[in-house]
Structure formats: structure tokens, C-alpha cells
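J.: For reference, the structure I am asking about is given below.
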Amino acid sequence: MTVELLDRLEAAKANRLAGEVEGRESDVFGRLGTLEVRLARNPSEVKASQAMRYRIFVEEMKARLPSEAMRLKLDFDAFDDICDHLLVLDRSIEGDPEDQIVGTYRLLRHEVALANSGFYSASEFSIEALLERHPEKRFMELGRSCVLPDYRTKRTVELLWQGNWAYSVRHNIDALFGCASFPGVQPEKHALALSFLAQNASAKDEWAVSARPELFCAMDLMPSEIVDARRAVASMPPLVKGYLRIGAMIGTGAVIDHAFNTTDVLIVLPLTSLSGRFLNYYGASGRFSS
């Protein structure tokens, strides 16, 4: 074999390897220290995220899933097959990528939902009217968000939101929505937080959306004059606080999800409403590292 041919083969090998690296890097949306946010790359990684969801939703939050899910110790449903799965991995953990997953989000784009069985949130909230009022806009649903207990920090939440933002930029998304949960099935235990949301962050006019009538639970449970804003925000789950921080609005009415042992509210976030602080931090390009 000639030296020239060897050189050509080595160059082709180098180009192939470079292409593989570039392909892997194209789904990485950001890094912070040892943490990395990217899309799941194969069914094995999706299954690992479902196992993590099971540990959090069932073992920690006492959800009651269908019998097959309980037997397999996986939180899964038909939507998993059509969604993209956003993952935060800790690269300092020894093992395969499946062993490094510490946080996840499930992302469902408008056109994918319409081509299949619709949006998951539609089982709890009347989102059809919202979509009809914005026929020119591309929506994306956020769901199944969870993070392992040791990683429930600002850094992990920042990376998850960096991933959501970068994915939205890539797919020309105009608005996000999805369920956010309070623990337990007694809304009155969250009266302060729910009342604050109803009185100060309600989605109105063209963005108005309500819980389905047969599931509707009132949120405005306390008079506004006794709702202390600081205490109300402090009592909210971190995910809800994070949504408010970046400019999200809240639908009217909550829904009790007995299977997941939660009280759900609907988050609505037109991307034009993102706070300037958020855009300055993450940048318009959607890529972030530190």
C-alpha cells in the first residue's frame, strides 16, 4: 500500500471521527462544571430517565402508576415515544451515560403533538382555545420535569432551562406551556401560594387558559390583603418559582392529579415575555457554558 494511499485513509478516518464528534456535540446545549445538558441519544438513555422519574415520582412523591409501570419500576406512557428527552448528566459519575443522568424534561413540539395524540396537558387543561387563538405560533409542551435530590440546586435548574431555551431556538418555538405541580392533593394546604399566583400571575386575554370544567379547583383561596408576596413565593416548589422568575404566567384553576399525588397548575410562557435578565444570561444563540 502506497504512502499516499495510507495518508488518504488516515485523513478519511480523521474526518469520520471528527464528524462523529460534531454529531455528538450538536445535541449538547450547555455545560456547568461537570454537569452537561443535552438530548437523550438512544432508547437506553430514555429508559434510564424513566427509571429516575420512577424513583422520584413513585418512591419519593408516592405516585400510583399503572401496574406495568410499577412492575418494571419505570415511569412511562405513550408520550415518551414521540417526545424528545432533555437530560442533565454529571460527567464526574463513573459509568455509562445512563448512570450519569441527574435531571430530565420531556419536550413535545406542536407539529409532533398534532401528528399523534395531542398534548399531555389537554387531559387537565382546556388548551384547545389557546392554540386556536394563535394559529401562527409554534407551541412546545414541557413535562415530566424532575431532578435527583442531591442535584436540586441553582446550577442544575439553570442547565435545564438552558436546554429548554436552546431547543426552542433551534426549533423556532414561540411559546411554552406545561403542568407544574404542588405536592399533595389538598389545594388548601397551598392556599397562600395558589392565591398569590391567581392574583398576580394569571394568564389573561389572548393567553388565558383554564382547567377543564370537570376538574377545576379554585386557586384564589385567600383575600389579597392578607397574601404576603414574600412568604407566598418562598412556599412554592422551586420549579414554579423558576417559571415566575423568567416571566411565566399561570392558567386559571388548579387540577388535582390523584395518580401523581399532586395539585397541578398550568404554566404559559410566550418567549417574547422572557425576562431581559434571562436573555442576557443565556444569550440569543441558545448555547451556554461555564
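J.: Quick one: in region 225-248, which of the residues that are touching a Ser or Thr at 6+ places or on another chain (Cβ under 8 Å) and modelled with pLDDT of 95 or more is most open to solvent (accessible area, probe 1.4 Å)?
T.: Residue satisfying both the conditions and the ranking: V227.
J.: Which residues, taken from region 130-178, are polar (S, T, N, Q), closer than 13 Å to L239 by Cα and more than 13 Å from the chain's Cα centre (by Cα)?
T.: Answer for region 130-178, where residues must be polar (S, T, N, Q), closer than 13 Å to L239 by Cα and more than 13 Å from the chain's Cα centre (by Cα): just T153.
J.: Collect the residues in region 183-196 that are buried (at least 22 other Cβ atoms within 10 Å of the Cβ) and either within 14 Å of A63 (Cβ to Cβ) or among the hydrophobic types (A, V, I, L, M, F, W, C) (or both), keeping them in residue-number order.
T.: Hits for region 183-196 are A193, L194, F196.
J.: Also, I was wondering about something else. For residues that are without any contact (Cβ under 8 Å) to a residue 40 or more places away in the chain and open to solvent by 60 Å² or more (accessible area, probe 1.4 Å), scanning just region 133-149, find the one that is nearest to E60 (Cα to Cα).
T.: R138
J.: Separate question: I'd like to know if region 28-38 contains one or more residues that are in a loop (DSSP other than H, G, I, E, B), of a type in the set (D, E) and in contact with a helix residue (DSSP H, G or I) (Cβ under 9 Å, 6 or more places away or on another chain).
T.: Within region 28-38 (the criterion being in a loop (DSSP other than H, G, I, E, B), of a type in the set (D, E) and in contact with a helix residue (DSSP H, G or I) (Cβ under 9 Å, 6 or more places away or on another chain)), the answer is no, since none of the residues qualifies.
J.: How many residues are in a helix (DSSP H, G or I) and in contact (Cβ under 8 Å) with a residue 12 or more places away in the chain if we restrict to region 206-240?
T.: The total comes to 10.
J.: Check off (1) surrounded by 16 or more Cβ atoms within 10 Å (Cβ to Cβ); (2) touching a Lys or Arg at 6+ places or on another chain (Cβ under 9 Å); (3) at pLDDT 95 or above for M52 and give me the number that stays unchecked.
T.: Checking M52 against (1) surrounded by 16 or more Cβ atoms within 10 Å (Cβ to Cβ); (2) touching a Lys or Arg at 6+ places or on another chain (Cβ under 9 Å); (3) at pLDDT 95 or above, the one that fails is (2).
The values are calculated or read from the model by the stated rules, or taken from the named source; none is laboratory data. Note that the coordinates shown come from a computational prediction; the quantities given were computed from them, not determined experimentally. Every residue, glycine among them, receives a Cβ derived from its backbone with ideal geometry; neighbour counts consider all protein chains shown. The area values use the complete protein model at the heavy-atom level, side chains included, leaving out ligands, DNA and RNA. Shrake-Rupley method; radii C 1.70, N 1.55, O 1.52, S 1.80 Å.
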